[in-house]
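Here it is, the structure, as structure tokens.
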Amino acid sequence: MKTIIAISILLCAIAYPTDSEQPQNSVGTKIAAIETEIKNLKESTDKGFENVNQKFDDIQKNFDRQNNIIIACIGIPLAILAIGATVWGILTHKRSRKENTLEKQIQTLTEEIETLKQ
């Protein structure tokens with residue numbers, strides 16, 4: 001019985017790898033696996049950030065386009081109104097000058113007619 005126990009312990013000791021080899025190999029493989037996972041995560045996060053930055057750039061371009069459209073829709077009619085008001089003011093000022101000169105001529109003519117009547 002003692003011999004069977006001794007042989008089984010001996011066989012177990014032979015079959016069991018030494019302590020120095022197994023932990024270093026398993027730790028090394030685990031470290032390598034973790035490093036590859038970290039690299040994969042970095043690549044995926046970098047791609048994700050690139051996609052997000054590209055989307056923000058696209059959104060900024062859309063806002064710029066919308067701002068230009070809004071400015072055009074508001075600015076062009078205001079410019080037309082301003083030009084129209086200026087032209088209208090100039091025309092009315094010319095008309096009022098003409099009317100004033102005509103009124104002065106009418107007054108002088110009526111005065112002359114009155115003096116001639118007398």
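Values in this text are rule-based calculations from the coordinates and carry no lab data. This structure is a prediction, so every number in the text was calculated from the model and none was measured. Cβ: placed from backbone, ideal geometry, glycine included. Neighbour counts: every protein chain shown.
Taking every Cα atom in the chain, find the radius of gyration and the maximum pairwise distance Dmax, and write them in Å.
Cα-based Rg and Dmax for the chain come out at 50.0, 169 Å.
Using the alpha-carbon centroid of each, what span in Å lies between the range 59-118 and the range 35-49?
68
What distance in nm lies between label points placed 7 Å from Cα along the C-beta direction at Leu81 and Lys104?
3.7
Between the helical axis of 2-15 and the dominant principal axis of the chain, each derived from Cα atoms, what acute angle in degrees is found, rounded to the nearest 10?
The two axes meet at around 30 degrees.
Follow-up. Just to confirm the number: angle between the C-alpha axis of helix 21-117 and the first principal axis of the chain, 0 to 90 degrees, nearest 10?
Taking Cα atoms only, the helix is inclined about 0 degrees.
For the chain, what is the number of Lys pairs with C-alpha distance below 26 angstrom, counting only pairs 8 or more positions apart or on separate chains?
Counting lysine pairs in the chain gives 10.
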